[in-house]
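As structure tokens, the structure follows; a few thoughts come after it.
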Amino acid sequence: MKKLILSVISLIFIAGITSSPWITVSFAEHRAINTFEGQWKNVSDGCGFDCKNCGVKSTEKVLFGRKVVVEYACDTLPSDSPEYHKRKELFVSFLGTVH
């Protein structure tokens, strides 16, 4: 009986971690943006979201967290057009860490 209860609890725990219901879209977007900006904080002419239509482009629920795609620009741009923008895929884990 103890093994059965332990097995059920373990399955519920594993299901909770893999589905990560506490990692909401807004939480994942916020963590991704803040982490990205933090990496470029003290870099002159670094990368950022101060460009037309830049920021979070999409989020997708995946195992153990969410995938967040951001669009950004780096350095001084000849013009603020999408051809000079870059995209990056970030993973926000069930622990709230960004990779």
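The values are calculated or read from the model by the stated rules, or taken from the named source; none is laboratory data. Please read these numbers as outputs of a predicted model, since none were measured by experiment. Virtual Cβ from ideal backbone geometry, glycine too; neighbours counted across all protein chains shown. Heavy atoms of the whole protein, side chains included, go into the accessibility calculation; ligands, DNA and RNA do not. Shrake-Rupley method; radii C 1.70, N 1.55, O 1.52, S 1.80 Å.
Could you grab me the full set of residues in region 61-99 that are open to solvent by 60 Å² or more (accessible area, probe 1.4 Å) and farther than 15 Å from Ser20 by Cα?
Result: Asp75, Thr76, Pro78, Asp80, Pro82, Glu83, Tyr84, Lys86, Arg87, Lys88, Glu89, His99.
Looking at region 57-99 only, could you name the residues that are assigned to a strand (DSSP E or B) and among the aromatic types (Phe, Trp, Tyr)?
Tyr72, Phe91, listed by residue number.
May I ask you to list the residues in region 39-60 that are without any contact (Cβ under 8 Å) to a residue 24 or more places away in the chain and open to solvent by 50 Å² or more (accessible area, probe 1.4 Å)?
Gln39, Trp40, Lys41, Asn42, Val43, Ser44, Asp50, Ser58, Glu60
Just name the residue that is farthest from Val62 (Cα to Cα) out of those in region 5-51 that are in a helix (DSSP H, G or I) and of a type in the set (Asp, Glu).
Glu37
What's the total number of residues in region 1-35 that are touching a strand residue (DSSP E or B) at 6+ places or on another chain (Cβ under 6 Å) and free of Cβ contacts under 8 Å to residues at least 60 places away in the same chain?
Count: 2.
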